[in-house]
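Just so it is clear, none of the values below were taken in a lab; they were calculated from the coordinates. What you see is a predicted model; the values in this text were computed from it and never measured. All Cβ positions, glycine included, derive from the backbone under ideal geometry; neighbour counts span all protein chains shown.
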Amino acid sequence: MGKILVIGGGAAGMMAAVFAARNGQKVCLFEKNEKLGKKLFITGKGRCNLTNACDMEELLDAVVTNRKFLYSSFYGFTNEETMEFFEELGLKMKTERGNRVFPVSDHSSDVIKVLQDELRKLNVKLCLKTEVARVEEKDGHFFGVQLKDGTTVQGDACIIATGGNSYQTTGSTGDGYRFARELGHTVTEIAPALVPLEIRERYGKDLQGLSLRNVEAAVLDGEKELYRDFGEMLFTHYGVSGPLILSASSYIGKRLRERPLKLVIDLKPALSFEQMDARILRDFEENKNRQFKNSLGKLFPSKLILVMISLSGICPDKKVNEISKEERQRFAALIKGFTMTITKTRDFNEAIITQGGVSVKEINPATMESKKVKGVYFAGEVLDLDAVTGGFNLQIAWSTGNAAGSCAADDEI
Ligand code: FAD
């Protein structure tokens, strides 16, 4: 029987430990927090969107970085198998809008509980409040881990599942990147992703708290379109947030670090420009003798009216029947292209995920084993992998955790 050391008691580490132990190995899991799954606990606003019940193609399409690398581990442990796994552990699940899968109880703690129970049943040694300081190798083979108190624990294989660098209070402080570098691995530049965006224009503040549904957002770098999608967004005191914006952040981060980008919101994407113009004309006809500022109640929520008026260049007191065709068409264009300047993303403390990490070029995609040090495996967010929201990031943790745990165990038998 071999001894497998797992570093990190998050989603990936727990999954890896379960499968290493099920394959007959002695497993020791090190977690620096006083309990397992601190980040899992806060996922899905405390409800844990643990996977997505879509087909395989969609699952792969949801991956933003290094999709191809995940073929093997996703097919090795699919979203269906993930649901079966949790079902067998006694977790009841439900599928909501967008195929998002949650526990029926709506409590992330139930996901953690079934994993923890399974680890105990399998006699995995849980070393809580135990921080790993170093991962040691000898002649290209894993040797042992050095704990913060200086002791070294030897093992036959090690799985590094220390997570990313976001929401550091959950314990994910990027230690795994250092371990990887010390073992000779390349770590790609890390950055916050699935994160709100800051905008330069001052009206962000006036719009604070305003939520817009069914809008279309496009992000442009000069003429080049980096992102376009429909959905819901929210204005905050520093800029913009909400599902549509968080998703956009994952596709634009790199470019945004070089220069500001344009965010163009189509407030009425269901209408063509001509239909929009006709719609305004109709509203204007109904309000012929009113002032411009009092004619827009049907078009926008009240918070937006003042901002749109000031951007329109039309005098707010002007009578609607005095507004020229050109002014009206400019206004229609403004509604179809409400433009802001994105200056940067918010920082890691507000990022759902870390983009970048241990370069997957140096990892075997079928086993998650390091190509540099035999017996060292990586799983979860520490790797240079990330996906959009919807349960996909946890699926990455489950699938890579499963591969690392099963293969580390296979190697040692
Ligand atoms: P983590 O879950 O970060 O686990 C890493 C563990 O390693 C931590 O417990 C940490 O304490 C431990 N550790 C680190 N360094 C050491 C060390 N040196 N020694 C010992 N232990 C160490 N994804 C979804 O799919 N669905 C969601 O609903 C969802 N909601 C989210 C909501 C929020 C607010 C956030 C921040 C993220 C959310 N995510 C969601 C993303 C998801 O949480 C992560 O993708 C996932 O937790 C990554 O799992 P992991 O095991 O790789 O890392």
Worksheet item: So what's the back-of-envelope 222 nm ellipticity for the chain, counting only DSSP H runs of four-plus at -39500 (n - 2.57) apiece and dividing by all residues, rounded to 500?
Response: -10000 deg cm²/dmol
Worksheet item: Which aspartates and glutamates, on any chain, are close to Lys224 with Cα under 15 Å apart, when same-chain ones fewer than 8 places away are left out?
Response: Glu258
Worksheet item: Which chymotrypsin sites (Phe, Trp or Tyr not before Pro) in the range 94-187 pass both tests, a DSSP loop state and at most 14 other beta-carbon atoms within 10 Å?
Response: none
Worksheet item: Quick one: length gained pulling Asp55 to Lys254 fully straight, 0.36 nm per residue minus the C-alpha distance?
Response: 68.7 nm
Item to complete: Can you grab the distance from the C-alpha centre of the range 282-310 to the C-alpha centre of the range 341-359, Å, no decimals?
Response: 38 Å
Worksheet item: Whose amide H sits under 5 Å from the amide H of Val64, counting only residues 5 or more places off or on another chain, with H placed in the peptide plane?
Response: Asp386, Ala387, Val388
Item to complete: Taking amide H positions as placed in the peptide plane 1.01 Å from N, state which residues far from Glu201 in sequence (5 or more) or on other chains have amide H under 5 Å from it.
Response: Thr341
Worksheet item: For Ile353, which sequence-distant residues (separation of 5 or more, or a different chain) have an amide H within less than 5 Å of its own amide H, given hydrogens modelled in the peptide plane?
Response: Ala193
Worksheet entry | Cα-based Rg of the chain normalised by 2.2 N^0.38 Å, two decimals | 1.16
Worksheet, complete the sentence: For the range 2-8, Karplus-derived ³J(HN,Hα) couplings (6.51, -1.76, 1.60; θ = phi - 60°; whole Hz; x for glycine and proline) come out as x, 10, 10, 9, 10, 9, x
Worksheet item: Semi-axes of the equivalent ellipsoid of the range 273-336: what are they in whole Å, largest first, if each equals the square root of 5 times a C-alpha gyration tensor eigenvalue?
Response: 14, 14, 12
Practice prompt. Determine the gain in length on full extension of the stretch Glu84-Glu274; use 0.36 nm per residue of separation and subtract their C-alpha separation, reporting nm with one decimal.
Written response: 63.3 nm
